[in-house]
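To start, the structure under review is shown below, and the notes come after it.
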Amino acid sequence: MSMINKEVSEFEVQAYQNNEFKTVKKEDILGNWSVFFFYPADFTFVCPTELEDLANKYEDFKSINCEIYSVSCDSHFVHKAWHDASKTIQKIEYPMLADPTGKLARDFDVMIESDGMAERGSFIVNPEGKIVAYEVTAGNVGRNADELFRRVQASQFVAEHGDQVCPAKWQPGAETLKPSLDLVGLI
C-alpha cells in the first residue's frame, strides 16, 4: 500500500539534540517541511555513515525550511551515549528521535517486528503533515543526503507550482515539464 498523502499520526517522542533531551510532537512538524530518516539502530556500521552525510548537509536542509529527524527504535539515552562515544555522531545537530516502542516505525510502515528495529526509510513530509515522497532500502545499502535534498527541493517546487512536474535529475532553475492532455495518463 502506498504511503503517498498519508497523514502522519499524532505522536510524542523524546529526542536528543544539542546535548539535551527534548520532546517532539506532531504539532512541531506542521508548518514546515520535514524528513523522517529511519535507521535500524545506534552503534551500528552503515547508520553512522548516513547520519554523518545528513549532518554535513544539515545547513542546506535548514536553508530550504526543512527539518531532519533521524529515528531509530533506541531510547534517547542510547542516542546520548552514542553521541558521547562517537566523533562521527557528535557532528549531528538535528533531532535524533527515540522510538523505543516502535510507534513511529509502525506509523511509517518500516518496523521489522521480529528484530524490534526499523528499516532504512526516508520520508519527505509536507507542511500539512502528509508524506509526499519516500524510499525504503535494504539494511545493507546506505542512502545519499544529496539525492534526498534534491527530492525535497523537487517536492517543494511541485507543491508551489502544481501544474508542473520535475523530470529525472531536476535541479532548481532547470526546466520542468508541464503535462499536456496527451501526456496525462503517462505521469
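The values are calculated or read from the model by the stated rules, or taken from the named source; none is laboratory data. Remember, predicted model here, so these are calculated numbers, not experimental data. Methodologically, a virtual Cβ is constructed for each residue, glycine included, from the backbone with ideal geometry; neighbour enumeration extends over all protein chains shown. Side chains included, ligands, DNA and RNA excluded: accessible areas come from the protein's heavy atoms. Shrake-Rupley method; radii C 1.70, N 1.55, O 1.52, S 1.80 Å.
For this structure, a couple of remarks:
- Rounded, prolate or oblate (a/c below 1.5 giving rounded, otherwise prolate when a/b exceeds b/c) for the range 7-149 by Cα gyration tensor: rounded
- Candidates Phe61, Phe11, Phe123, ranked by Gaussian network fluctuation over the chain, Cα under 10 Å, top entry: Phe11
- Assigned charges on the beta-carbon of Lys, Arg, Asp, Glu; the chain dipole about Cα centre (debye): 160
- Value at 222 nm in deg cm²/dmol, rounded to 500, when DSSP H runs of n ≥ 4 in the chain each add -39,500 (n - 2.57): -8500 deg cm²/dmol
- Solvent exposure of the range 121-162 as accessible area per residue, Å², 1.4 Å probe: 44
- Charges were assigned to the Cβ only: +1 to each Lys and Arg, -1 to each Asp and Glu. The resulting dipole of the range 1-78 about its Cα centre is roughly 140 debye.
- Whether the range 80-185 is rounded, prolate or oblate, judged on the alpha carbon gyration tensor where a/c under 1.5 counts as rounded: prolate
- Here is the list for the range 1-92: trypsin sites (Lys or Arg not before Pro) lying in DSSP coil, each with at most 13 other C-beta atoms within 10 angstrom of its C-beta, are Lys87.
- Relative contact order of the range 25-119, pairs being alpha-carbon contacts under 8 Å that are 6 or more residues apart, as %: 33
- Qualifying GluC sites (Glu not before Pro) in the range 105-169, DSSP loop, other Cβ atoms within 10 Å at most 15: Glu113, Glu128
- In the range 55-186, a dipole from Cβ-located charges (positive for Lys and Arg, negative for Asp and Glu) runs towards its positive end, and of Val71, Gln171, Ile92 it is Ile92 whose Cα lies farthest in that direction.
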